[in-house]
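Here's the structure we're looking at; comments come further down.
The values are calculated or read from the model by the stated rules, or taken from the named source; none is laboratory data. In this text, all values refer to a predicted model and were calculated from it rather than measured experimentally. Positions of Cβ are backbone-derived with ideal geometry, glycine not excepted, and every protein chain shown enters the neighbour counts. Each accessible area value is taken on the protein alone, full model and side chains, heavy atoms only, with ligands, DNA and RNA left out. Shrake-Rupley method; radii C 1.70, N 1.55, O 1.52, S 1.80 Å.
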Amino acid sequence: MEQAIIIAASAVGAGLAIGLAAIGAGIGNGTVTSKAIEGMARQPEAKGTILVNMLISVGLIESIPIIAAVIAIVLVFANPFIK
């Protein structure tokens, strides 16, 4: 019984981790992209620099859901809380 509760809680935690990370990354990517486009519209001569910085930022933001997915996989398949 106790092991079933731990497995269920791990599945819920994994779902929450991936869901919240995806929401956060989506909001972050949208903000970064909108500000980059706004900056390019204001200073077209700095387009290359702004684009490179935007792509690096988006890549770093996307690493958060990947880390959350790894944690979720560990919780579901290699659960350290189960004896």
_Failed condition for Ser57, given (1) within 18 Å of the chain's Cα centre (by Cα); (2) open to solvent by 80 Å² or more (accessible area, probe 1.4 Å); (3) not charged (D, E, K, R)_ = (2)
*When residues of region 8-54 are filtered for being out of contact with any Phe, Trp or Tyr (no Cβ under 9 Å at 6 or more places or on another chain), aliphatic (A, V, I, L, M) and open to solvent by 50 Å² or more (accessible area, probe 1.4 Å), how many remain?*
13
*Which pairs do you get when a residue that is assigned to a helix (DSSP H, G or I) and β-branched (Val, Ile, Thr), found in region 1-25, comes within reach of a residue that is at pLDDT below 90 and open to solvent by 80 Å² or more (accessible area, probe 1.4 Å), reach meaning Cβ atoms under 8 angstrom, with the pair 6+ apart or on two chains?*
Ile6/Phe81
_Please verify whether Lys83 is touching a helix residue (DSSP H, G or I) at 6+ places or on another chain (Cβ under 7 Å), open to solvent by 100 Å² or more (accessible area, probe 1.4 Å) and farther than 20 Å from Leu20 by Cβ, treating the condition exactly as stated._
no
